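Novice: One structure, as structure tokens, below. Some questions next.
Just so you know, all these numbers are worked out from the coordinates, no wet-lab data involved. Here the structure is a predicted model, which means the values were calculated and not measured. So basically every Cβ, Gly included, is an ideal-geometry build from the backbone, and we count neighbours across all protein chains shown.
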Amino acid sequence: GGAGSLATTPKVGIAHERIVEEYRKREKEGKSELSLVVVGHVDAGKSTLMGRMLLELGTLSDREYSANERASKKIGKGSFAYAWALDSSEEERERGVTIDVAQDHFSTPHRQFTLLDAPGHRDFIPNMISGAAQADSALLVIDSIHGAFEAGFGPNGQTREHALLVRSLGVQQVVVVVNKLDAVGYSQERYDEIVSKLQPFLRGCGFDEAKTRFVPCGGSVGENLAVRDEGGELGAWYDGPTLVEVLDTLEPPRRNLDGPLRLPVTNVFKGQTAIASGVGVSGRVVSGIVQIGDRLRAVPGDESGIVRAIEVDSDSVPWAVAGNNVTVYLSNIDVIQIAVGSVLCPSNAADVVELCDTFTAQLLVFTPTYPLVQGTAVEVFHHSAEVPGKLVELLETRDKSTGHVIKRHPRVLSRGTTALCRIEVRSGGGAGKRSGVPIESVDKCKDMARILVRRDGETVAAGIVVETHPAAPAGA
Ligand code: GDP
């Protein structure tokens with residue numbers, strides 16, 4: 001059927017107002033849901049810390065036992081694994097397999113977390129990006145050992161890059177774990193020194209200072225994760241919250257339930273599960289509502305399919321809303337019509353995601369090895385898609401903290417500046433298909449506007465799209 005006849009198909013299913021009402025009710029009664037990405041320099045102790053914390057959480061409460069236990073068992077098998085990513089990277093790369101962002105769940109007394117595993121190895125920055133792009137909050141793990149903090153915070157350290165990256169991708173809250181304090185004799189002086197160096201830096205990244213929390217921990221010895229040894233060396237000077245207590249008070253972000261559905265695709269598979277057959281499509285709902293019976297269009301492309309089943313956290317559900325990580329099973333659509341990086345949206349003309357091939361973005365420039373000039377060829381990362389592009393016009397650079405224009409039409413984008421830049425992408429098209437990428441401007445949908453700019457495997461900038469220019473129609 002053509003798009004015209006579909007647009008007039010009467011809407012079946014549950015009214016959106018009723019879903020929103022039900023969702024708000026559940027939110028009040030139950031635990032708030034948040035997703036968390038764990039980042040930091042390699043060897044900062046991320047996997048040790050998370051493994052230990054999940055084990056301790058598993059023994060805290062009977063009610064939450066099973067979810068936490070399941071997560072910690074997985075760690076035992078090494079599937080939460082920065083280490084795993086390092087070990088298997090060579091083989092995985094040889095086989096050309098992309099490593100998915102693994103998801104696990106854990107809960108604290110008032111929060112239910114989806115843990116987005118973001119391998120910390122340099123080569124795995126793309127994976128970290130898709131983890132961070134889906135996260136509401138980040139745990140930044142810092143190695144407090146003398147020399148190690150300095151290395152991680154230095155020019156080639158990942159502390160800076162990861163913090164900038166998660167902020168640029170829209171993560172608003174960061175919890176900084178000042179880790180391995182056991183190795184520095186739980187020195188308050190060392191802790192204060194690290195906090196005082198990180199605070200201005202994180203503020204400069206754009207994190208709200210009032211929301212940024214610091215927690216002293218010893219991950220491998222289990223100090224101040226779920227419990228603290230009050231009579232111990234840390235207890236002698238620290239009487240603040242434990243890591244679990246801090247996580248338990250993180251603010252759930254406001255979900256955009258009113259906008260049209262936007263479901264950027266992170267995984268597509270063909271097959272049969274206990275629940276449904278058809279094309280399985282996973283991703284995070286960034287805007288709107290999806291329910292069984294909906295007709296969804298996969299963009300780029302002109303094909304649409306019908307939602308037969310929806311899974312959230314391995315449970316079959318009738319609907320899901322913005323903020324949920326879902327798998328939807330579609331019928332009446334061929335698996336080749338959907339790719340990682342596609343976006344599922346409503347099929348009616350008014351709510352379809354438009355494709356664009358040129359856009360203007362506000363970029364935060366990291367520390368590129370070679371200067372970024374007009375005409376530089378780049379790769380543009382949008383959700384899980386990477387497309388070739390070009391910096392076609394450098395419009396202006398601005399001071400990062402004041403926002404004042406430093407220079408119009410600069411020759412180069414220097415490191416650490418904020419810049420307005422026009423970018424052209426080359427993607428898709430061919431055989432009657434329109435070219436372009438499903439990017440939207442920030443005023444339409446914030447979560448559809450985030451991009452990263454990479455060159456030769458190096459992340460050189462990140463930012464948001466402020467204006468899009470529609471792609472040429474098919475055959476043009
Ligand atoms: P990741 O690369 O950030 O995941 O770091 P790992 O968890 O693999 O830890 C890196 C190294 O630091 C390992 O040798 C750990 O034994 C050690 N380590 C991790 N956490 C702590 C800690 O809290 N204190 C001390 N002293 N060593 C730790």
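Novice: If each residue of separation counts as 0.36 nm, what is the full-extension length gain between ASP258 and ARG398 once their alpha-carbon separation is subtracted?
Specialist: Fully extending the segment from ASP258 to ARG398 adds 47.1 nm.
Novice: State, to one decimal in nm, how far the label point of HIS146 lies from the label point of ALA377, with both points 7 Å from Cα in the Cβ direction.
Specialist: The modelled label-to-label distance comes out at 4.9 nm.
Novice: In addition: For a bin width of 5 Å, list the pair-distance distribution of the stretch 161-225 built from all Cα-Cα distances, rounded to whole %.
Specialist: With 5 Å bins starting at 0, P(r) equals 4, 17, 26, 21, 17, 12, 3, 0.
Novice: Still on this structure, I have one more. Note down the nm distance, to one decimal, between modelled labels 7 Å out along Cα→Cβ at HIS110 and at ARG203.
Specialist: Placing both labels 7 Å along Cα→Cβ, they lie 2.7 nm apart.
Novice: Convex hull volume of the Cα atoms in the stretch 199-264, per residue, in Å³?
Specialist: Given the Cα convex hull of the stretch 199-264, per-residue volume reads 163 Å³.
Novice: TYR370 to HIS469: FRET efficiency via 1/(1 + (r/R0)^6), r the Cβ-Cβ distance, R0 35 Å, to the nearest 0.05?
Specialist: With R0 = 35 Å, the Cβ-Cβ based efficiency is 0.80.
Novice: Turning to a different aspect of this structure: Which pairs, out of LYS46/LYS444; LYS28/LYS197; LYS211/LYS446; LYS31/LYS211; LYS211/LYS444; LYS407/LYS446, put more than 29 Å between their alpha-carbon atoms?
Specialist: LYS46/LYS444; LYS28/LYS197
Novice: Given 10 Å bins starting at zero, what is the percent of C-alpha pairs of the stretch 335-397 in each, up to the one with the largest pair distance?
Specialist: Going out from 0 Å in 10 Å bins, the stretch 335-397 shows 15, 42, 27, 15, 2 percent.
Novice: Any idea what the alpha-carbon Rg over 2.2 N^0.38 Å comes to for the stretch 182-327?
Specialist: 1.54
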